[in-house]
Amino acid sequence: MSKATQSEAEPGVALEINGQEVQAREGQTILEAARDAGIEIPTLCEHEPLTNVGGCRMCLVEIDGKRTETACTTTVQDGMEIEVDTDDLWDHRRTILELMFSEQNHYCMYCEMEGDCELEDLFNEAGLDACDYPLEYNDVEVDTSHEHITLDLDRCVLCGRCVRTCDEIVGNDTLTFKDRGLETEIVADDGVALGDSSCISCGACAQACPTGAIYTSQSAYRGREEDCDVVTTTCTECSLGCELEVYTNSGRIVKIEGVEDGPDGGQLCEMGRFGLFGDRRERVDTTSIRGEGTVEVKDALDRTRELLAGAETVDAVASDRLPTEVVEAFADSMDAYDAAVEIPGAQRAADERRIAERVAPMFNKHAGNLRARGPEALLEAEAVAVFDTSIVDTHPVAASYVRRAAKDGATLISVDSDEDRFGAKSDASVESGTGLSRLTEDAFEVVDEDASALADSDTETLINAVPALEDGTESFIVLGPEVEEEDTLINAYALAGMTDSRVLSLPDRVNAFENGVGTDDLHEDPDVAYLFAGDDRDDDLDRMLEVARKADTVIVQATRESILTKAADVVLPALDWFERSGTITDASGTDRELSRVLKPRVAVDSDREVVAALADTAERAEVEQ
């Protein structure tokens, strides 16, 4: 039984483990029952939430004094008497550990994982400090071809955790076993270097590895986990809002990992695990005014107030990576100056809420809610239709759920104007502009007019064109970031209503807060543009640059230097992702917490207080008038 379904099992199995009476649930493994009872059984190849295979033999237990079985794969039975720590069992474990030592290079003092290695812990628990077998390991060349991940297979114990993670959690199947016996090794694809393989750089294999065989280059030799502080926060690089475990040591970030007991099984994308950690852009750490250089925060705020108060037209744009509380404070502050406020993605969020609320009652589906509860719901799917397969790049973790659903037997239909990024995993791959991409045209009439239009629309043809959506007891429609036109959104939600499907919408925006700030029509030629860029980068800055070029005066609040800050008349520092606190709302409508990992390293301690101070000044000036 997988760990994900333990809680669903019914109690009712009584057994003894090490002489202790234990109540287990029907279908649990011995290992699960022991852990629930606080009894430790050694493991190595077992790893949450992967399928258990019993390959390492560390968890062998004695059952009823007659036989030994692996605790991770043997189901509990009523009346079992189990021993975990007999001399024979530990002799067996020591023999296996010594063979592992002789067959691989496990000299801890040279290893990146020294002090954090599960194999090292087992050596110590078994009381081993020497090996009686001759050393026979091959001197395998370290694979450093990948930008972020290093393979040092001399330290590999062939537990298979990386292979199962790539298969079961990521759904990418890059890593596999090659050859047999002493020649067995882990390879990428057909034996190519990892950097030349189909690896999507999520780093989940490195997080799953119990030794130093696979590790992340950025984090290597930067401190043991036991010496680190760990803070759980939320990634704001896409609308999924994956949880991050951020490890810090001596005031610096040393590693980012996924939360293994969370819904994503510890998976992150390349940006979440490596990009956030490795942001090398120059920091904006002081306030400045064009022509005056660096100034005190108070002076920069005073100049900002003067510029805003003296302008007839003000445009204000804020990053959607910012916490809900900061965006709301920003909108309130800008309203005090009668500014036109825009939050990228807010329009699509508002459109989708309005459309979903209108469509759902027409079909009496899902108690008025057509939205999927999150990407993990795709694992229950029998059919998935993905409109815009660019989610492979923009939302890699969501794409992993699509791949896993397809591997588990769900019908996968891909619709895209470009190539199908799911490739061979798609059952039907259709180019936009063909019949399948127009399937929802009839649905527009249903929503645009009223429910009576159903009688006149060709719904049978519509539904039969995608039989998988109708036939599946659980079906989903996934909308990528390029699906933005209102007509297309109406069609997609109506199709969901007709086929009893759920919608997983994955826009470019990050924060999808339900009662969020709307989007005003910005001015053609504003006197002043206030651009709260935060830590936006590259394409995320395009809209703000467009607004900046039209304004006479530009105020920028940013975390990192960019072409935008270079063009600004006033520059205010903003907190980085690891300095923020508050909440964001993910694509499924769930509020997720942002926790401060490190204290701010800039001239301000709170983004919210900076923008709120502007509103206070404007309101006081209005009262005085």
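Within the set 561, 593, the sole residue that is within 23 Å of residue 332 (Cα to Cα), surrounded by fewer than 21 Cβ atoms within 10 Å (Cβ to Cβ), touching a residue at least 60 places away in the same chain (Cβ under 8 Å) and not assigned by the TED database to the domain that holds residue 395 turns out to be 593.
Of all the listed residues (390, 452, 432, 426), the sole one being open to solvent by less than 60 Å² (accessible area, probe 1.4 Å), at pLDDT below 80 and hydroxyl-bearing (Ser, Thr, Tyr) is 432. The single condition among (1) under 27 Å from residue 241 (Cα atoms); (2) in a loop (DSSP other than H, G, I, E, B) that residue 312 does not satisfy is (1).
Say whether the condition of being outside any helix (DSSP H, G or I) and within 19 Å of residue 559 (Cα to Cα) is met by at least one residue in region 345-367.
There is no residue in region 345-367 that is outside any helix (DSSP H, G or I) and within 19 Å of residue 559 (Cα to Cα).
Selection over region 275-295 of residues that are over 37 Å from the mean Cα position of the chain (by Cα), open to solvent by 40 Å² or more (accessible area, probe 1.4 Å) and in contact (Cβ under 8 Å) with a residue 24 or more places away in the chain gives a count of 1. Within region 39-58, the set of residues being more than 24 Å from residue 204 (Cα to Cα) and open to solvent by less than 60 Å² (accessible area, probe 1.4 Å) comprises 39, 41.
The residues on offer are 358, 353, 371, and the sole one that is of a type in the set (D, E, K, R), modelled with pLDDT under 95, open to solvent by 50 Å² or more (accessible area, probe 1.4 Å) and more than 28 Å from the chain's Cα centre (by Cα) is 358.
The set of residues from region 222-251 being in contact (Cβ under 8 Å) with a residue 60 or more places away in the chain, more than 15 Å from the chain's Cα centre (by Cα) and not in a loop (DSSP other than H, G, I, E, B) comprises 225, 226, 231, 248. Hey, can you tell me all the residues within region 120-160 that are more than 25 Å from residue 85 (Cα to Cα), among the charged types (D, E, K, R) and not in a loop (DSSP other than H, G, I, E, B)? Across region 120-160, the qualifying residues are 143, 154, 155.
Just wondering, is there one or more residues in region 228-242 that are open to solvent by 10 Å² or more (accessible area, probe 1.4 Å) and either among the basic types (Lys, Arg) or closer than 15 Å to residue 161 by Cβ (or both)? Checked region 228-242: no residue is open to solvent by 10 Å² or more (accessible area, probe 1.4 Å) and either among the basic types (Lys, Arg) or closer than 15 Å to residue 161 by Cβ (or both). Give region 545-561 a look and list any residue that's of a type outside the set (A, V, I, L, M, F, W, C) and over 11 Å from residue 534 (Cβ atoms), or say none. Once the filter is applied, which keeps residues that are of a type outside the set (A, V, I, L, M, F, W, C) and over 11 Å from residue 534 (Cβ atoms), region 545-561 yields 546, 549, 550, 552, 553, 561. Exactly one residue among 282, 312, 306 is of a type in the set (Asp, Glu) and in contact with a strand residue (DSSP E or B) (Cβ under 8 Å, 6 or more places away or on another chain), and that residue is 282. Restricting 397, 415 to residues that are at pLDDT 90 or above and under 30 Å from residue 266 (Cα atoms) narrows the list to 397. Candidates are the residues of region 315-334 that are hydrophobic (A, V, I, L, M, F, W, C) and part of a helix (DSSP H, G or I); the one that is farthest from residue 240 (Cα to Cα) is 334.
The set of residues in region 255-274 that are open to solvent by less than 30 Å² (accessible area, probe 1.4 Å) and either in contact with a helix residue (DSSP H, G or I) (Cβ under 6 Å, 6 or more places away or on another chain) or in a loop (DSSP other than H, G, I, E, B) (or both) comprises 256, 257, 259, 262, 264, 265, 266, 267, 268, 269.
Exactly one residue among 603, 612 is open to solvent by 20 Å² or more (accessible area, probe 1.4 Å) and in a helix (DSSP H, G or I), and that residue is 612. If I go through region 336-350 residue by residue, how many of them are open to solvent by 40 Å² or more (accessible area, probe 1.4 Å) and touching a strand residue (DSSP E or B) at 6+ places or on another chain (Cβ under 9 Å)? Residues meeting the conditions: 2.
Within region 82-119, being part of a helix (DSSP H, G or I), out of contact with any Phe, Trp or Tyr (no Cβ under 8 Å at 6 or more places or on another chain), open to solvent by less than 70 Å² (accessible area, probe 1.4 Å) and modelled with pLDDT under 90 holds for 100, 108.
Results for (1) assigned to a loop (DSSP other than H, G, I, E, B); (2) touching a strand residue (DSSP E or B) at 6+ places or on another chain (Cβ under 9 Å), shown as yes or no for each residue.
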position	(1), (2)
496	no, yes
504	no, yes
509	yes, no
512	yes, yes
517	yes, yes
521	yes, yes
532	no, yes
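If you check residue 157 against the conditions, is it open to solvent by less than 30 Å² (accessible area, probe 1.4 Å), touching a residue at least 12 places away in the same chain (Cβ under 8 Å) and of a type in the set (A, V, I, L, M)?
yes
The values are calculated or read from the model by the stated rules, or taken from the named source; none is laboratory data. Predicted, not measured: the structure shown is a model, and the values here were computed from it. Note that each Cβ is placed from the backbone with ideal geometry, even for glycine, and that neighbours are counted across all protein chains shown. Heads up: the accessible areas ignore ligands, DNA and RNA and are worked out on the full protein's heavy atoms, side chains in. Shrake-Rupley method; radii C 1.70, N 1.55, O 1.52, S 1.80 Å.
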